[in-house]
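Trainee: Following this message is one structure expressed as structure tokens.
The values are calculated or read from the model by the stated rules, or taken from the named source; none is laboratory data. Computed from a predicted structure; not experimentally measured. Note that we place each Cβ from the backbone using ideal geometry, even for glycine, and neighbour counts take in every protein chain shown. What goes into the accessible areas is simple: the full protein's heavy atoms, side chains included, and nothing from ligands, DNA or RNA. Shrake-Rupley method; radii C 1.70, N 1.55, O 1.52, S 1.80 Å.
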Amino acid sequence: QVQLVESGGGLVQAGESLRLSCAASGRTFSSYAMGWFRQAPGKEREFVAAIRRRSDSTLYADSVKGRFTISKSNAKNTVYLQMNSLKPEDTAVYYCAAAQGTGLLLSYEYDYWGQGTQVTVSS
């Protein structure tokens, strides 16, 4: 089993920044592509960002492109989501996920999930 634990969520004002962390354990971290999803109350889970296993190239949802940055540290078995210029519509529970396959955009393509961390952006 791969265990993922998110941290770093909190309450911020619009325009401010926040960094989320996802610590992985159980399997070799570098064996997986990593992604971030979010889910607001009453909404479906939404893709946010992903980083590929080999190339470390990144993908972003249009809604966060230019504001969010995903990165990872293989040495620390940790993936990060730097969130800048936060907007109230970014308010959601943010989930870290790990994928063994090549797909990265859809939730069913991921094999392991963390429990989530709450991000609330006030206006």
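Trainee: Which ones in the stretch 97-123 are touching a Gly at 6+ places or on another chain (Cβ under 8 Å), among the aromatic types (Phe, Trp, Tyr) and outside any loop (DSSP other than H, G, I, E, B)?
Mentor: Passing the criteria: none in range.
Trainee: Give all pairs with beta carbons closer than 9 Å in which a residue from the stretch 48-73 that is free of Cβ contacts under 8 Å to residues at least 24 places away in the same chain meets a residue that is aliphatic (A, V, I, L, M) and surrounded by fewer than 16 Cβ atoms within 10 Å (Cβ to Cβ); count only pairs at least 6 apart in sequence or on separate chains.
Mentor: Pairs found: Ala61/Leu105.
Trainee: Okay, moving on. Out of the residues in the stretch 98-123 meeting the condition of being β-branched (Val, Ile, Thr) and within 19 Å of Cys22 (Cβ to Cβ), tell me which one is most open to solvent (accessible area, probe 1.4 Å). Spell out how you get there, then give the answer.
Mentor: Residues of the stretch 98-123 that are β-branched (Val, Ile, Thr), as a first pass: 102, 117, 119-121.
Now restrict to residues that are within 19 Å of Cys22 (Cβ to Cβ): 117, 119-120.
Numbers: Thr117: 18, Val119: 0, Thr120: 49 Å².
Only one residue tops the list, namely Thr120.
Trainee: Identify all residues within the stretch 1-18 that are farther than 13 Å from Tyr95 by Cα and either at pLDDT below 95 or open to solvent by 20 Å² or more (accessible area, probe 1.4 Å) (or both); write none if there are none.
Mentor: If the condition is that a residue be farther than 13 Å from Tyr95 by Cα and either at pLDDT below 95 or open to solvent by 20 Å² or more (accessible area, probe 1.4 Å) (or both), then Gln1, Val2, Gly10, Leu11, Gln13, Ala14, Gly15, Glu16, Ser17, Leu18 are the ones that fit.
Trainee: Within the stretch 32-54, track down each residue that is open to solvent by less than 60 Å² (accessible area, probe 1.4 Å) and under 16 Å from Glu109 (Cα atoms).
Mentor: Hits for the stretch 32-54 are Tyr32, Ala33, Met34, Gly35, Trp36, Phe37, Arg38, Phe47, Val48, Ala49, Ala50, Ile51.
Trainee: I'm trying to understand the selection: among the residues of the stretch 19-31, which are of a type in the set (A, V, I, L, M) and surrounded by fewer than 21 Cβ atoms within 10 Å (Cβ to Cβ)?
Mentor: Ala23 - this is the single residue of the stretch 19-31 that is of a type in the set (A, V, I, L, M) and surrounded by fewer than 21 Cβ atoms within 10 Å (Cβ to Cβ).
Trainee: Let me ask something else. In the stretch 58-96, which residues are open to solvent by less than 40 Å² (accessible area, probe 1.4 Å) and in a loop (DSSP other than H, G, I, E, B)?
Mentor: Hits for the stretch 58-96 are Ala61, Val64, Arg67, Leu86, Thr91.
Trainee: Right, something else. If you check Lys76, Lys65, which single one turns out to be of a type in the set (D, E, K, R) and touching a Phe, Trp or Tyr at 6+ places or on another chain (Cβ under 9 Å)? Before the answer, list the steps.
Mentor: Numbers: Lys65 fails: touching a Phe, Trp or Tyr at 6+ places or on another chain (Cβ under 9 Å).
Unique residue meeting the criteria: Lys76.
Trainee: Could you tell me which of the residues Gly101, Gly42, Gly66, Gly35 is farther than 22 Å from Gly9 by Cα and small (Gly, Ala, Ser)? Even if it seems obvious, please write down each step before you answer.
Mentor: Details: Gly42 fails: farther than 22 Å from Gly9 by Cα; Gly66 fails: farther than 22 Å from Gly9 by Cα; Gly35 fails: farther than 22 Å from Gly9 by Cα.
Checking each option against the conditions leaves just Gly101.
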